[in-house]
Structure formats: structure tokens, C-alpha cells
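Below you will find the structure I want to go over with you.
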Amino acid sequence: MENKLSLYNSLTNKKEVFKPIEDGKVGIYVCGPTVYSSSHMGHARSAIVFDVIVKFLRNIGYEVTYVKNFTDIDDKIISKAVEFNVDSKEIAEKYKQEYIKDMKDLGCIEPDFQPCVSDNIDGIINLILSIIDRGFAYEANGDVYFNISKFENYGKLSNQSIDSMLTNHRIEFNPNKKNDLDFALWKKVKDNEPSWDSPWGKGRPGWHIECSVMSCNHLGSNFDIHGGGRDLIFPHHENEIAQSESINEGNFANYWLHNGLININQEKMSKSIGNIINIRDALERWDFNLIRIFFLSHHYRTPVDLSEGRLMEIERSIKKIIKRIRTNSPNKNNIKKFNTLWKEAMLDDFNTAKAFGIFFKCVNDGEINLDNIDEIKEFENVMGINGWMNLLAIKEESKGDEIIREIIDKRNLARKEKNWKLADELRDKAEKLGFILVDKKDSTTWEPKDR
RNA sequence: GGCGGUGUAGCCAAGCGGUAAGGCGACGGUCUGCAAAACCGUUAUACCCCGGUUCGAAUCCGGGCACCGCCUCCA
């Protein structure tokens, strides 16, 4: 591969040159949602970030296998099922379908594989058996726990020593565990819970084990990239590493990529604060292109503050850029430069923010116009934006033609008579109705007022 | 307490050793009856503070300060 891609590896906390295990191919696993409620903007950011990463890897010639799971067995799903008195499968299926639709509406490609925990119980049981066999896990009263004291690299991703974790944790005491930090691979069934037969009796998988199984299923026991939100580093990803590496030689995943989280108006987005924004609601209000560009104009690792004002800023800037492209003279064409520069930015740890900066600059320098707009297709495809050039047109033709026409005619008459007071009043009236009047040389047109 | 992150103009945001991208806003100008829009121009001798390394530091090192996240379920 000619292109030298470097990326920030959370495992080493350093930027590294990317070397795939198999030349020209990349296996990437991204932690998907636990399907117990509608997906929110945090899911959206993670999805968009990795969507762009996969698209870019393909753009520079890699053959990518992209896997993203659904966690469809989980405490929260079960309690929701109890609450609504339905089968937990129903809950999981409902939100899984919602998620699939949300992703599509956000312009994200479908992963090559989207496995569910419930389809992988046999594999999970087999993996647990191997871990027990190797002496890294033990059964206790129908539960199975991973024994972290046996795994010497425990803490290597989150950079913590077992000692410090032991003194700092907030885990409830559990008499079945040998160490407080041991985590469940298999949980003994409690009443009314979905359960499967296993060598340890009826039960269900713990959280973490599913990802070890499903990633290795599709990508092998050693693969290139594992991604997910920052908040998953500990304990989820740490535990995945422990499970997987206890029975296999070498690294589980070579590169760990973690996207930053979202704040809403400077506050952490959380259920308890009640400021969760669902993807569906956001899409009702904002074009998906704007949502993508908003996220992509930040580097994927930094936290992002999401607010109405920020989205409006993006909307304004996109409107300007569209007008600019439309009015730029076709004489100046420097699309090659643009296509070189944005790719360079992306090769450096997927710097989408820089790539968009370059885009704005090239447009404002007059180098991109209606004549060569087709040649930025590659950029659009990688960023997953499309149809955004028509963002304005659709709105301009929206509604209310007749009323506004009437106001314009009256006002133009008033202007002819130099009745400025009446003319201004009519303009204000139009604005109150949601229209901005635009006087041109010898005609007046209108645009919808900004939100 | 441990681990990690962040601190760059009014706001947002790149930059990762070679002399501060980009966006929003603001201001000035052109246009206009006046506006709006559009266009042109201006907008950080300077990157939280203090030391150090270097010919050279926003960038590296040491020490502070502030904010945030994780350490319990979370994208």
C-alpha cells in the first residue's frame, strides 16, 4: 500500500503507522448498541466516525471486513421486557430494527456482518469452556467468572494496575468471586429471565464475552482494528482483551480506536440528566448531511458539545458554501489540489476536521465550482454526504407562494411611490410570516427565514 | 485516590519542532430608499501559568493551575 496511514492507538497511547495483518486487507470490529431503547446522538457519532473510517480505508484501496454487533441479551433489555410485560426478544428486535433504520437515514453503510448475541450462544459456551480449560475462569454456583489475577496483562488497555483497581473499585461484594474485579462470563438464570442450557446449568452470557466471540468469528483471533466509544475502554474492552488473549497467542486486536463522547450544552448526555437526544428526533429537525458534517468537523477523539446553536452554525456555513460553489467561476479549477490535500488529512489519523477545513478553503479560493463539482465525489462518498448541494433549493420552493407574491407586489408599488414606511412595514410583515425578501436589480425574490 | 483527556481569537476548531488552517460571529467597504442577501476586506506578535531543552516550541521535558471523562450500566 502506497498511502501511509497513521492512526492513534489507544493501546499504546501513540500515533502509529498502520500495518495490516494481511497486506491490502483490514478487519475491523466496532461495538454496536445494546438494543433496549431508541438510539441517541452518541450512537450516531460513533456510527458516523467508523462509517467514515471504513469508507476511507476502502477509498485508499483496502479490502475491508466491517463487523458491528448487536447486544440483544442484557439486564436492561430484560428489565424493560418485565416493565412492559413482553418477551425480551420483542424489545430487542424492535430497537434493533429502529437502529438499522436510523443508521440508514444517517447515511451509514451497513456493516458486512451484524451478529447478535442470541445467535452465538454455542460459540460463547465454547469460548467459556476454553477459558476455564486454560485455568483463567472458574465456575461458582452456576455462574462463571474470569479470574483476573491469572491474566498478567489485565489493565493494559486502560493503563491500570490490578492493585490500584482493587483499591479503587466500586463493585458490590459478591461471595462467589475470588477477586472483587473478576467479571461474569456466564450468569446463572434468575426467575423469568431468558436462559440457555449450558454445562453450568441454565443461564445466559455475561456482558463482554459476546464481543470476543463475534469478533473472532468473523475476523479471526487476531485482527486489525477494534473500535468503540471512549467509555467502553474500561471495563468492556479491557475484559474483551482478557478473555480473548487468555486463550490465544498474541494480540486480540492490533489497533484500538475510541471516539470521544458527546455533551449537550456543556453537560454530559445521560439518562439521569434527561438530556438524551435521539437520532430520530434529530433527523426530524436537521438534514442528515448537517449532522454528519457537524460531527466530522471535529476530530473523532475529542469530546463534542452538541447544541442547537452549533448545528445552526453548520447550517449557515453549508448554505454559504453551496451558494459559493454555484457562483464560483469555472475558470479556476484546482480540484487536483483539493483531492490531494483532503486525503492527506485523512491519512493522518482520519482528520476529518482538517479535511473539511481544506474543503472550505478550496471553495472560498474559487477552486471548486459547478463545473468540477463531480470531481469531489470521492470526498463526498467518504464523508457520506450526498444531496447536500440541493439543501437550499428544496427549501426555497417550499410554500406560501401566493401570499408572499401579493406582499411583494404591494411593496414594490409602495417603493415606486417612495412610500418607504409602508414598504418597510410590508417587509416586516413578510418576515413575520417567515419570509425574507431579497431585492435584486429589477425584481424581488424571497427566501425562507432561518430557523 | 488511580488512569486518561482537554486548555489555541468573542464562540467553535485544526495544528503534534520551522514561525498560527477553517467555520460562526463582529467590524469596515461595495450594493440598497433603508435593509437583508451576496461579494471584497479586517479580525491571535500569539497558543492556561512557571521553568527547561533547542538555532528555533502552541508543539518536546519538568512543575503547577483549571475543566472534563472513566474507575458502576453506557457510544
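Bear in mind these aren't lab numbers, they're just calculated from the coordinates by the rules spelled out. As the structure is a prediction and not an experimental result, all values here were calculated from the model. With ideal geometry, Cβ positions are generated from the backbone for all residues, glycine too; neighbour counts draw on all protein chains shown.
Quick one: A:Glu152, A:Glu210, A:Glu315, fewest Cβ neighbours within 10 Å first, how do they rank?
Lowest to highest Cβ neighbour count: A:Glu152, A:Glu315, A:Glu210.
Counting other C-beta atoms within 10 Å, and keeping those with at most 10, which DSSP coil trypsin sites (Lys or Arg not before Pro) do you find in segment A:212-311? Before the final figure, lay out the partial values.
On the way: sites: A:Arg230, A:Lys268, A:Lys271, A:Arg280, A:Arg285, A:Arg292, A:Arg301, A:Arg310; in loops: A:Lys271, A:Arg301.
In loop regions of segment A:212-311 (DSSP not H, G, I, E or B), the sparsely surrounded trypsin sites (Lys or Arg not before Pro) are A:Lys271.
Quick check: the angle from helix A:88-105's long axis to the longest principal axis of chain A, C-alpha only, nearest 10 degrees?
The helix A:88-105 is inclined about 40 degrees to chain A.
Another question, if that's okay. So what's Rg/Rh here for segment A:269-347, counting alpha carbon atoms and using the Kirkwood radius for Rh?
That ratio is 1.08, to two decimals.
With the alpha-carbon atoms as the only input, what is the per residue convex hull volume for segment A:11-145 in Å³?
So the per-residue Cα hull volume is 164 Å³.
For helix A:420-432, report the angle its Cα long axis makes with the longest principal axis of the Cα atoms of chain A; keep it between 0 and 90° and round to the nearest 10°.
Rounded to the nearest ten degrees, it is 20.
About its Cα centre, how strong a charge dipole does segment A:398-448 have in debye, to the nearest 20, once Lys and Arg get +1 and Asp and Glu get -1 at the Cβ?
Using only the charged Cβ atoms, the result is roughly 160 debye.
Calculate the radius of gyration of the Cα atoms of segment A:306-392 to one decimal place, then report Dmax, the largest Cα-Cα distance, as a whole number, both in Å.
In order Rg, Dmax, the Cα atoms of segment A:306-392 give 12.8, 39 Å.
Loop-only trypsin sites (Lys or Arg not before Pro) in segment A:403-444, please: DSSP not H, G, I, E or B, and at most 16 other Cβ atoms within 10 Å.
Details: sites: A:Arg405, A:Lys410, A:Arg411, A:Arg415, A:Lys416, A:Lys418, A:Lys421, A:Arg427, A:Lys429, A:Lys432, A:Lys440, A:Lys441; in loops: A:Lys418, A:Lys440, A:Lys441.
Loop-located and lightly packed - A:Lys418, A:Lys440, A:Lys441.
Under the rule of -39500 (n - 2.57) per DSSP H run of 4 or more residues, summed and divided by the residues of chain A, what mean residue ellipticity at 222 nm is obtained, to the nearest 500 deg cm²/dmol? Could the numbers behind the result be given before it?
On the way: 16 runs with 192 residues, N = 451.
The per-residue figure over chain A is -13000 deg cm²/dmol.
Helix A:308-327 versus the longest principal axis of chain A: what angle, 0 to 90°, nearest 10, using Cα atoms?
50 degrees
If you don't mind, there's one more thing I want to ask. Cα extents of segment A:6-263 along the three principal axes, largest first, in whole Å?
Principal-axis extents of the Cα atoms in segment A:6-263, largest first: 52, 43, 35 Å.
Nearest 5 percent is fine: what portion of the DSSP beta bridges confined to chain A is antiparallel? Don't jump to the answer; show the numbers that get you there.
Details: 23 of 45 bridges.
Close to 50 percent.
Straight-line reach only, C-alpha to C-alpha below 25 angstrom: list the lysines that A:Lys337 could link to, leaving out same-chain residues fewer than 8 apart.
A:Lys4, A:Lys55, A:Lys319, A:Lys320, A:Lys323, A:Lys354, A:Lys361, A:Lys377
Right, here's the next one. Which of the GluC sites (Glu not before Pro) found in segment A:1-99 are loop residues per DSSP with 15 or fewer other Cβ atoms within 10 Å of their Cβ?
Details: sites: A:Glu2, A:Glu16, A:Glu22, A:Glu63, A:Glu83, A:Glu90, A:Glu93, A:Glu98; in loops: A:Glu2, A:Glu22.
The qualifying sites are A:Glu2, A:Glu22.
Hey, another quick one. So what's the Cα pair-distance distribution over segment A:398-448, bin width 5 Å, in %?
All Cα pairs, binned at 5 Å, distribute as 5, 22, 35, 26, 10, 2, 0 percent.
Using modelled amide H (1.01 Å from N, peptide plane; none on Pro or chain starts), what sits under 5 Å from the amide H of A:Tyr8, excluding residues fewer than 5 places away?
For A:Tyr8, whose amide H was placed from the backbone, the distant partners under 5 Å are A:Glu16.
Let a ≥ b ≥ c be the square roots of the eigenvalues of the Cα gyration tensor of segment A:156-247; is it rounded (a/c under 1.5), or, if not, prolate (a/b larger than b/c) or oblate?
In terms of gyration-tensor shape, oblate.
Restricting to Cα pairs below 8 Å that are 6+ residues apart, what does the relative contact order work out to for chain A? Please round to a whole percent.
16 percent
Also: For Cα pairs less than 8 Å apart in space and 6+ apart in sequence, what is the mean separation divided by the residue count of segment A:398-448, i.e. the relative contact order in percent?
Working: 39 pairs, mean separation 12.9, N = 51.
With pairs under 8 Å counted, the relative contact order is 25 percent.
For A:Thr445 and A:Asp371, what is the calculated FRET efficiency with R₀ set at 22 Å and r taken between the beta-carbons, to the nearest 0.05?
Efficiency computed from Cβ-Cβ geometry: 0.35.
Shifting gears a bit: May I ask for the percentage of alpha-carbon pairs in chain A that lie more than 34 Å from each other?
For chain A, the share of Cα pairs beyond 34 Å comes to 44 percent.
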